[in-house]
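This report refers to the structure that appears directly beneath it.
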Amino acid sequence: MTNAPKEAEKAIGLEEIHTERQEPPKGQKTFTVEEAVETIGFGRFHIALFLIMGSTGVAEAMEIMLIAVVSPLIRCEWQLQDWQVALVTTMVFFGYMVFSIALGLLADRYGRWKILLLSFLWAAYFSLLTSFAPSYIWFVFLRALVGGGVSGHAQGLIIKTEFLPTKYRGYMLPLSQVFWLAGSLLIIGLASVVNPTIGWRWLIRIASIPGILLILVFKFIPESARYNVSTGNTAAALATLQRIAEMNGAVMPDGVLREPAKESRGRFKDLIHPKYLRTTLQIWIIWLGIAFAYYGVILASAELLERDLVCGSMAPPVHDASDGSEESRSPCHCHLFGPAAYQTMIISTVGEIALNPLNILGINLLGRRLSLCITMGCTALFFLLLNICTSSTGMIGFLFMLRALVSANFNTIYIYTAEVYPTTMRALGMGTSGSLCRVGAMVAPFISQVLMSASFIGALCLFSSVCVVCAVSALTLPIETKGRALQ
């Protein structure tokens, strides 16, 4: 125990420490990682963890939301049809889907931290390359690779989940939505300034900066102690826990850290084992539906602003009179965003934290299942309300509420998925769920950007129906994880 500070420094520095498996003497007190995490409690380490890992949401939101603010410009520059614009978003999520499973497998086998770092390096590199894309085909290909890199950002959430005490998970994880909101607002604000002046290519370059900066601070976060102990590296896990206790001003439990029996990790067949089969299938349905609704709202908002779709009909493009730029008078068939459109996007985006306090209360008081069922049902209702003929203020209000509800849905399913699976398959569970999530996101552009132009009410009814299915699936999930220790 006298070498604990040195061992802690090595753990925080991400140097792996391997020891031979030793059974504790008979009768000696032992403790698990779960018991250590609960005993140490919440403190300075968790605040630093929240700020650094939470900030991965800023980079992810900027990369994902980028397409919504760049679409009108590339539509004009390359004279794209509706389906071609929709294909850009679809290919981003196709890359996300393919890489999400692969990175989840690798994270369960080789560690969360390494995969998180790799994903940030990958996404930043290909995002910068995208800004030099000479053609539409190259743009689509490179954005698909960016989507693949962004899929690994989910490991940041897993690391947070595995270090947080049980009673704090339901509060701290939903608050991470603030970082996604910050990234969304930042990219919209940048677009309103950069797009009309130096162009969308510089917007992409600027948007890659937060991801590059985050890479520099990852060294302050250790590998998950739960992961280390599950691989038999108990010395590294113990050193990490001792360092956290020191930072939090807490004490470690008495005894020796108990190493569980060796188990196979990251096996797909575990997800469809009879113990988890029903849960896995229902989680996949919910993830697919939530992503379909979430990105449907975002892209539908852009279409409503770009094309002035009102009451289910296509109105002639009306350019923002306050925008006297050359681009706003472009003879292209597209309608570029003006200041008023960006302002509307910002207002609706702020809705993503409007229900956060109620969402946190619902998750912790009603439980994950019932809370998700209620917010999914309300999402279905507001999709239908969007068809009501109303003023621009009314439309903004509906979009505001939709963004608030779909954001609450994501908060809840993220927490539930991270809690329901054991450590040996948690990253794979998140990875496969993320892949199904991107299937929904891949379909959403063709509904929001293609079908909506042909049948406004038809598109809204489809979104609403999917949300109803997800609400029923959420209510009937076989396991409630409220107050449940991580397995």
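Looking at residue 329, is it basic (Lys, Arg), surrounded by fewer than 24 Cβ atoms within 10 Å (Cβ to Cβ) and modelled with pLDDT under 85?
Working: basic (Lys, Arg): yes; surrounded by fewer than 24 Cβ atoms within 10 Å (Cβ to Cβ): yes; modelled with pLDDT under 85: yes.
Answer is yes for this residue.
Which of the residues that make up the range 176-205 are open to solvent by 50 Å² or more (accessible area, probe 1.4 Å) and either β-branched (Val, Ile, Thr) or outside the structural domain of residue 153 (by the TED database) (or both)?
Result: 178, 193, 197, 198.
Quick check on residue 370: is it assigned to a helix (DSSP H, G or I), in the same structural domain as residue 281 (by the TED database) and open to solvent by 10 Å² or more (accessible area, probe 1.4 Å)? Working first, answer last.
Details: assigned to a helix (DSSP H, G or I): yes; in the same structural domain as residue 281 (by the TED database): yes; open to solvent by 10 Å² or more (accessible area, probe 1.4 Å): yes.
Judged against the criteria, residue 370 is a match.
Give the range 51-86 a look and list any residue that's open to solvent by 40 Å² or more (accessible area, probe 1.4 Å) and more than 30 Å from residue 448 (Cα to Cα), or say none.
51
Filter the range 417-440 down to the residues that are of a type in the set (Ser, Thr, Tyr) and assigned to a helix (DSSP H, G or I), then identify the one that is nearest to residue 34 (Cα to Cα). Outline the logic, then answer.
So the first thing to find is which residues in the range 417-440 are of a type in the set (Ser, Thr, Tyr), and the list is 417, 421, 423-424, 432-433, 435.
Among the residues that remain, those that are also assigned to a helix (DSSP H, G or I) are: 417, 423-424, 432-433, 435.
Working: 417: 18, 423: 11, 424: 14, 432: 25, 433: 24, 435: 28 Å.
Looking at the filtered set, the residue picked out is 423.
Kindly check whether there is at least one residue in the range 195-202 that is aliphatic (A, V, I, L, M) and modelled with pLDDT of 90 or more.
Quick first cut of the range 195-202, residues aliphatic (A, V, I, L, M) only: 198.
From what's left, modelled with pLDDT of 90 or more: 198.
Within the range 195-202, one or more residues are aliphatic (A, V, I, L, M) and modelled with pLDDT of 90 or more.
Is it the case that some residue within the range 377-386 is open to solvent by 20 Å² or more (accessible area, probe 1.4 Å) and assigned to a loop (DSSP other than H, G, I, E, B)?
Residues of the range 377-386 that are open to solvent by 20 Å² or more (accessible area, probe 1.4 Å), as a first pass: 377-378, 381-382, 384-385.
From what's left, assigned to a loop (DSSP other than H, G, I, E, B): none.
No, the range 377-386 contains no residue that is open to solvent by 20 Å² or more (accessible area, probe 1.4 Å) and assigned to a loop (DSSP other than H, G, I, E, B).
Only one of these is open to solvent by 30 Å² or more (accessible area, probe 1.4 Å) and either assigned to a helix (DSSP H, G or I) or within 30 Å of residue 364 (Cα to Cα) (or both): 101, 115, 158. Name it.
On the way: 115 fails: open to solvent by 30 Å² or more (accessible area, probe 1.4 Å); 158 fails: open to solvent by 30 Å² or more (accessible area, probe 1.4 Å).
Answer to the check: 101.
Hey, residue 223 hits all of (1) assigned to a loop (DSSP other than H, G, I, E, B); (2) acidic (Asp, Glu); (3) over 26 Å from the mean Cα position of the chain (by Cα) but one; which does it fall short on?
Residue 223 satisfies all of (1) assigned to a loop (DSSP other than H, G, I, E, B); (2) acidic (Asp, Glu); (3) over 26 Å from the mean Cα position of the chain (by Cα) except (3).
The values are calculated or read from the model by the stated rules, or taken from the named source; none is laboratory data. Values in this document were obtained by computation on a predicted structure and should not be read as measured data. Backbone-built Cβ (ideal geometry, glycine too); neighbour counts: all protein chains shown. Remember, those area values only see protein heavy atoms, side chains included, never the ligands or the DNA or RNA. Shrake-Rupley method; radii C 1.70, N 1.55, O 1.52, S 1.80 Å.
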